[in-house]
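This is the structure, below, for whatever I ask next.
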Amino acid sequence: MLLWSLICAGFCAVARAESSNATEPMQSIQRLIQDANSIKRTDATRAIKLAHTGLSQLEDSTESPEKLILFNILAIAYLQSGELASSEEYAQNALILSGKLQQDLAQAEALNTLGAMHWYQGDHDLAKSYFEQSLAVRMEIEDSAGLASVYNNLGILEEIQGRYHRAIDNYLLSIENAKRTTQKDLLARPLTNLGVVNQMLKNYNEALNYYQEALTLKLELNDFPGAALAYNNISEIYREREDLSAAEAALLAGLALLDNQQAPQQLALLSVNLAAVYVELNRPLEARSLFSRAEAINNTINNPRIRMHLAQGQARLFFANNHYPEALTYATQFHTLAAAEQDQQSLKKAYYLLYQIYQATQSSADALDALLAYSNLQEILYSQDNSRYVASLQAEFENERKERELAQLRENSALSALALKRQQLFNYGTILLAIIALLVLVLFFRARANRIQTSLLEQKVAQRTQEIQDNALTIKQLLAEKEDLLQHKNELFSVISHEFRTPLTLISGPIEFLFGNSRSQPVKDATRRIQANTHRLMRLVDQLLDLARIDQKIAPKPALVDASRYAQFLLSNMEPLFTQRQLVLTANIGKDCQIAVNPESLEKIMVNLVSNAIKYTTKGGEIKIELARQEDHVLFAVTDNGIGIAEADQARIFQRFTRLETDLSKSTPGTGIGLALVKELVEHAHGEIKLHSRLHEGSRFEVLFPIALNDRASNDINNVSLQQNTYPGQANPNTTSLVYATEIQCLSIDSDSRMPLYLRPDEDHYHAESQSKESPEHTILIVDDCAEMRDFIGLCLGPQFNCLYAEDGKDGVRLALQEIPDLIITDLMMPTTDGYQFAKILREESLTCHIPIVMLTAKGEAEARLTAWQTNIDEFIEKPFSTTELVLRCNNLLNIRQLLSSHLRDHLSKGSTEKGRSEIQINPSDKQFLQKLHGFLEHNYMENIRAREISSALCITEKQLQRKVKALTHETVPTFVRNYRLQRGAERLAAGENITRVALDVGFSSQNYFSTAFSARYGCSPTEYRKAQQAAV
């Protein structure tokens, strides 16, 4: 917007009156001057041609006013076209000729052009000098229009150099002079520039007022391109205020003014800005259309700054719509154009945009480079701003000091003159007064010097304080950015570790299935080794997840546990390993060793320390395990006579991913995570771990836990009943016991031991099940975004159940409503709709609220489990899972569902005939469905109704009706209707009505059919039932 204010005020060429007998050639030159002067800023190329034609018609030696006017026209036209050397040549010629002809106005015009030319070249000081010379000439001739233009240019120079208060003063002087003329365009320019300054100073209300005043003047002048630019400025204010609707309205109004106007640059600029607003409003189609329009226009005018804004806007558009490759292409183009334009603010935005794109595409290294470049450039710009601001303050202070000194000198001169006059008048008396005045003056100067020195010191202190505060803020921001990067790293680490569980499940499950169904011993041996290595990988994933949780400061909740039971259970499970490796075990397990620690953390600590002792102790070695209660803590120690650890390596043995290079360690599998995890788990339990070791002699690891508090009401300790948990892992066999089993399996890879029982399917039971159920009775819906996982679960459940498949939560909801399955198995982490949302939707639907839901997930945290129970999930199984366990849990849920259905059916059949019967508790949605069904039957049971009519009345399909009624009551729809009719008949029989009439009224075709059905339902004939009810009354 400053570009349109860089050219000085319109040149008002007044040709001197010609004599009445002017020749025809002179009239032709006057017409050329008039035409060229009118288009010198709008069509510079044509104006140059006309001016040169006029010069060619004048004699070379002629020094006439016409030639002076043509020189000024050529200087301005060449300036407009960017040919600065030619512009300077003709401006200098005009300056020389105006001096000879004593044409002050033309001289001021030439000085103004020279100032603008040096401005374009970036020499602001020389440009200011020429403008001030032009200003002096115009003040002498009282040229208000010229003064308005020059003051406006001086204001822009001051604004560029950061002296905003001086810029505002010049703009106000420009407005004052412009109001003395009738030229509204002269008034519009400083108003626009005042809006710019106030916008930069964040005085948005004042800026908006100035922009609107400039807009009114542009509209009155029918300057539609200028008015469009005013609307563009107004839109920027609204965007600063985040009022995007108002910004859109302003830009649309500006574009409307450009219809049928030859203003491609303004049209391209407003189109790009409106597209940027649509990007922020999440209207990608409209934004893309406007970007294409602006790009087509800019291809004709080739404006590099508009091309740069186009690249920025298109990059943000594609980034907002997750089209990261296209966003990266345009962001790179934006960066290149900003660097070519040397626009550091745009370059900073380009680096930050590249950082966002690389971060979204998980290109961590590129994202870090872009972020560092952004931070460095931001620091440079901040330093430059501070330097300019300090220089400005120093210059202002120096100017103020000089002005004060000049004033003081004037005052001193006046006092000296007065003293001399008094000395002449009063002789010695005046001398005395002069001495007194001199003493007063000395005291005044001293006090003033003290004040100035104090003021300078205060300014320096304030400046230094501000610098310290700014540096502290910068350090705080950098630390926050570092914490944010670490947080993102930990989150990414956690997600990747979670994603390992699905492929591990697809390895573990089929291997388990193959092991259970194979009769070949070599195949069993191979599958056993694969299964063991799968559990080794699973253990590594769990350790990585534990470290990620610790990094994220997610501390496991402590519980009051008896460490003695855990140690005994550990030894009983790992005893075969000592025998297998020919190791001597000495155990000394004390009693009553209660500590406050998370049970799973305690297991991991014990298992890691004992397994390390086993791995790094050679055959025939000895391992000693101690657990004892001491004064204020519980000691758990593991001692071995294995390879030992050198003293130089003991300081780093607890660091992550650290493994010592020894002959035995090279042949022993490991990752260097175990001891690091143990140390951090111990410290989270407020304990301490110590190491005593000598190379080739053995090692002793000691863990000290504080004695547990006796305060059972503590808010941060979950009191675990030791009577309920007789061994660790009983409360949750899928997680806790797996710690031992996985470690045992990892240590037994090369052994000939059989696969653990909990991992081996019951072959006879499995084959018996699959052979006994040729046509599955129950239907199970499997929802998982992984096709392999869906197929594997279907392979496991296919022999016993009819399986349906859905690839995500949305498709699962559709199939569940359409098919009404008996049970649903769903994954947790799915695109579009995750497992929690999927379950919530089903629980809110009356057709599906009764269906049991099993959730399979790689997320085994306590928080995920709690969320699942809160969402009314029936079973929560962590991957990798046992196929036998999955089948058993599905059968258990279906059996429970069948028992509930039978109980509900009995309740519905006897509820109306038995007084005082308590109401059964069922799901509100199921209750609402049954109420609607009973309501329909209440009004239509005497008619010949079919399932199709009932489903139509309930606004569901016939299949949905059949499945829903079957699931709730374990009856078909005809049986349910017949039993409802029998129930109403029983009520009327109890009232003593005629049996034949009752049979026909409740919808039976004959009394015999009614009696037969009634006897089968109630165990007695209608007559006996009526007599029994009347006797009871």
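Would you confirm, using the coordinates I've provided, whether A858 is over 25 Å from S508 (Cβ atoms) and buried (at least 19 other Cβ atoms within 10 Å of the Cβ)? Before you say what the answer is, go through the steps one by one.
Details: over 25 Å from S508 (Cβ atoms): no; buried (at least 19 other Cβ atoms within 10 Å of the Cβ): yes.
So A858 fails the test.
If you check E89 against the conditions, is it assigned to a loop (DSSP other than H, G, I, E, B) and either surrounded by fewer than 16 Cβ atoms within 10 Å (Cβ to Cβ) or modelled with pLDDT under 85 (or both)?
No; evaluated as a whole, the condition is false for this residue.
State all residues of region 272-306 that are assigned to a loop (DSSP other than H, G, I, E, B) and either touching a residue at least 12 places away in the same chain (Cβ under 8 Å) or buried (at least 20 other Cβ atoms within 10 Å of the Cβ) (or both); if no residue qualifies, say none.
Here is the first cut: in region 272-306, the residues assigned to a loop (DSSP other than H, G, I, E, B) are 281-283, 302-303.
Passing the criteria: L281, N282, N303.
Please pick out the residue among A253, A320, A249, A263 that is assigned by TED's automatic domain parsing to the domain that holds T332 and surrounded by fewer than 24 Cβ atoms within 10 Å (Cβ to Cβ).
Numbers: A253 fails: assigned by TED's automatic domain parsing to the domain that holds T332; A249 fails: assigned by TED's automatic domain parsing to the domain that holds T332; A263 fails: assigned by TED's automatic domain parsing to the domain that holds T332.
The conditions single out A320.
Continuing with this model, one more query. Can you say whether I160 is more than 23 Å from I73 (Cα to Cα), at pLDDT below 85 and of a type in the set (V, I, T), as far as the supplied structure shows?
So I160 passes the test.
When only residues in region 178-208 that are touching a residue at least 12 places away in the same chain (Cβ under 8 Å) and of a type in the set (S, T, N, Q) count, which is farthest from R138 (Cα to Cα)?
Selected residue: Q199.
What pairs come out if I take residues in region 810-836 that are not assigned by TED's automatic domain parsing to the domain that holds P852 and among the aliphatic types (A, V, I, L, M) and pair them with residues that are surrounded by fewer than 19 Cβ atoms within 10 Å (Cβ to Cβ) and modelled with pLDDT of 90 or more whose C-beta lies under 6 Å away, six or more apart or interchain?
none
At pLDDT below 75 and either of a type in the set (F, W, Y) or over 35 Å from the mean Cα position of the chain (by Cα) (or both) - does that describe any residue in region 367-375?
The answer is no, given that none of the residues of region 367-375 is at pLDDT below 75 and either of a type in the set (F, W, Y) or over 35 Å from the mean Cα position of the chain (by Cα) (or both).
Which residue out of G1019, G985 is on the phi > 0 side of the Ramachandran plot and in the same structural domain as K964 (by TED's automatic domain parsing)?
Working: G985 fails: on the phi > 0 side of the Ramachandran plot.
None of the other options fit; the residue is G1019.
Six or more apart or on different chains, Cβ under 7 Å: which pairs go from a residue in region 873-892 that's surrounded by 19 or more Cβ atoms within 10 Å (Cβ to Cβ) to one that's among the acidic types (D, E)? Could you list them?
S882/E512; T883/E512; T884/D762; R889/E875
Ok, one more. Inspect region 825-838 for any residue being outside any helix (DSSP H, G or I), touching a helix residue (DSSP H, G or I) at 6+ places or on another chain (Cβ under 9 Å) and modelled with pLDDT of 90 or more and give the result as yes or no.
yes
Mind listing just one residue for me: the one in region 112-150 that is aromatic (F, W, Y) and modelled with pLDDT under 85 and, of those, surrounded by the fewest Cβ atoms within 10 Å (Cβ to Cβ)? Steps first, answer last, please.
Taking region 112-150 first, the residues aromatic (F, W, Y) are 119-120, 130-131.
After this cut, where a residue has to be modelled with pLDDT under 85 as well, the list is 119-120.
Values: W119: 23, Y120: 13.
Out of the qualifying residues, it is Y120.
Determine which member of the set E458, E483, E512, E491 is within 27 Å of G794 (Cβ to Cβ) and either modelled with pLDDT of 80 or more or among the acidic types (D, E) (or both).
E512
Take the residues of region 361-375 that are more than 17 Å from S346 (Cα to Cα) and not charged (D, E, K, R): which is surrounded by the fewest Cβ atoms within 10 Å (Cβ to Cβ)?
A365
The values are calculated or read from the model by the stated rules, or taken from the named source; none is laboratory data. None of these values were measured; they are calculated from a predicted model. Here Cβ is always computed from backbone atoms with ideal geometry, including for glycine, and neighbour counts include all displayed protein chains.
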